[in-house]
1. Considering only segment A:36-53, how many residues are facing another protein chain (nearest Cβ under 8 Å), out of contact with any Lys or Arg (no Cβ under 7 Å at 6 or more places or on another chain) and crowded, with 16+ Cβ neighbours inside 10 Å?
2. Inside segment B:124-181, can you point out the residues that are in contact with a Pro (Cβ under 7 Å, 6 or more places away or on another chain), part of a helix (DSSP H, G or I), facing chain A (nearest Cβ under 7 Å) and not hydrophobic (A, V, I, L, M, F, W, C)?
3. What's the number of the condition B:Ala303 fails, among (1) without any contact (Cβ under 8 Å) to a residue 60 or more places away in the chain; (2) touching a His at 6+ places or on another chain (Cβ under 8 Å)?
4. Looking at segment B:160-212, which of the residues that are of a type in the set (S, T, N, Q) and touching a helix residue (DSSP H, G or I) at 6+ places or on another chain (Cβ under 7 Å) is farthest from A:His251 (Cα to Cα)?
5. So A:Asn66 fits all but one of (1) away from chain B (no Cβ under 11 Å); (2) open to solvent by 20 Å² or more (accessible area, probe 1.4 Å); what number is the exception?
6. Does any residue of segment A:216-231 turn out to be assigned to a helix (DSSP H, G or I) and within 23 Å of A:Phe44 (Cα to Cα)?
7. All but one of (1) in a helix (DSSP H, G or I); (2) open to solvent by less than 40 Å² (accessible area, probe 1.4 Å) hold for A:Arg285; which doesn't?
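The values are calculated or read from the model by the stated rules, or taken from the named source; none is laboratory data. All of these numbers come straight from a predicted model, not from anything done at the bench. Because the Cβ atoms are built from the backbone with ideal geometry, glycine has one as well, and the counts that use them run over all protein chains shown. For accessibility, only protein heavy atoms count, side chains too; no ligands or nucleic acids. Shrake-Rupley method; radii C 1.70, N 1.55, O 1.52, S 1.80 Å.
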Amino acid sequence: MTVHTQRLSWKIFWREWIRPAYVILIPLSLLALVPFVWMILGAFKTGAEIRQIPPTFFPKQFTLENFRTVLTDPDLPLLLFYRNSAIIALANVVQVLFTSSLFGYIFAKFEFRWKGVLFWFIMALMMIPSQLTMIPGYLMLARLGLINNLLGLILPAAIDPFGIFLFRQFAHSIPNDLMDAARVDGANEFQIYWRIVLPQMKPALATFGLLTFMFNWNAYLWPLIVLTEQRVRTLPIILTWYSTRMGNKLHLTMAAAVLVVLPVLLVLMFVQRWIVKGITMSGLRS
Amino acid sequence: MPLRRYTGIRKRRLDASQRAFLRYTLLPMVLYMGFWTLFPLLWGFALAFFEYSPRRAGGTFLGLGGENPFVGLAHFRAMLDFSPDAPLHVRTFHLSFKVTLLFVALVVPMNLLITLPLAVLIESVHRRMRPLFRTIFFLPVLAPSVGVAIMWGYLYHPQRGLLNAILGKILGRTVVINWLGDPKLTFWGIPVALLAVIFAYLWQDLGYNLVIFIAALQNIPDAIKDAARIDGANPFQMFFRVTLPMLMPTIQLTAILTMISAFQVFDLVQVMTDGGPKYQTQVLLLHIYNYAFRFQRMGWAAAVSLVMFLVILSLSLLQARFLRTRWEY
């Protein structure tokens, strides 16, 4: 019996773990990592080595000097840019989650006049690409004095039609008994949303919150238009600015790119399960 | 039989507190959307019919009129001027429209041809190994596109890039190809700079379709796969006769989503080439950005945005049609 199991498990091992697919998958995934690896290796090379022709793959001597130069550059206060990016991304996550869950719940559970028209209107807005409102949006912010103000990226972003749509789908599955019980207990409508409905929506909140965070954190075009002064810029914009200024000093550009890209990328990697779920549920792209 | 919980919409009349709740939530929303979405939308439409620049004072209402005159359909008529002595903005618009169409036409099939087999391969290995591979190919989706552009710019660098170094190793001499900046380099009539940007774009964009296909593969009922296996289908027959037909609705949908987002490519191109060399990578959105914010010709830029919107809208409507015809099995 035991001998038999032994042989069987080897067979299973062979069948389950050694697949011809690996012959393609392993080289391909190594290839897919090359751009990251090349950036990271470049960040550890000295200025002299990175200029070498032909270039080396592994740095001959690992140096941390590039990171020190980048971090002590008085023109590049990275912490300030991290702060700017974080303020915009977190504020937008909070407000978008609030409005999406509230209006998603309302559209799923209430019947009122104009509901059909209103919902159709919101869904129509979903189809409008952002570049159509980009120019007038800029002119509006200019008139309101919100150019070069972080609020310029927060105030117009409070409602996401896609979020309303997603939360409406989700709210459909919440049993009405829950809300009715709370109404009998004397809760007002906002308390019902806040205390009863919102906790039921935790999976949707995590998924859509992380997607919103990711899109805001990585956003480029709109911040590029609205934030033209150095002190209010976000990380992606500062990275291109630094790379243009450094020109051929690629070791410094790569060190800056590592400092800008990797920390948040690693965090997002650990929560990617939720992001993947959000993308597969909605097909949403940046 | 278990009692089914009622989750539908209540049809009974709302009481006073519910009506107040709806009033104090929906009213601000409608006002907000009117101000931040509808108003700029109408403004954008209007701009397309004016020769507007924010540098000029113009009329009293939104700066329209006066020094920023109404020109009617002039922008759109100019777009149809295909003569060689058309003004520069018209010629560059034609170029960028062509570049964008080429970009989309190359990106969409290449993307699907990579992601679909890749998803099948990843699904075919042991359950414990799948997340590892999925993570590797999904990682670029999580990264900011500016970071991606800078990484790939370094890979393509004529003197310091890895690509030329590898080519040099293979050929045994120093290779100095300017992948992103040499307008004379073409491959089957396609500018090499555009292809270089496309590879970077594909690398970043693959993850989206990959995870969508993986999820779709997992949704194929086991009974169908088992039935085919019992009937003696080999792996190729399994793929072409079972998997592919079952995935068809997903493939149509992802193709359109990929198309829509490829039409709006901006970040990678702006950072990697800024439209160069010689407009070979100047995509539509970059043209719009340049005319609106670098040259301050917002009327023209708004008109081009409108054209681009119509293209994307027709694609979205196509998507909505596919969404409605969900297959049943």
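1. Number satisfying all stated conditions: 4.
2. Across segment B:124-181, the qualifying residue is only B:Gly168.
3. All conditions are met except number (1).
4. Result: B:Asn209.
5. Unmet for A:Asn66, out of (1) away from chain B (no Cβ under 11 Å); (2) open to solvent by 20 Å² or more (accessible area, probe 1.4 Å): (2).
6. Checked against the condition, which is being assigned to a helix (DSSP H, G or I) and within 23 Å of A:Phe44 (Cα to Cα), segment A:216-231 yields no hits at all.
7. Exception for A:Arg285: condition (1).
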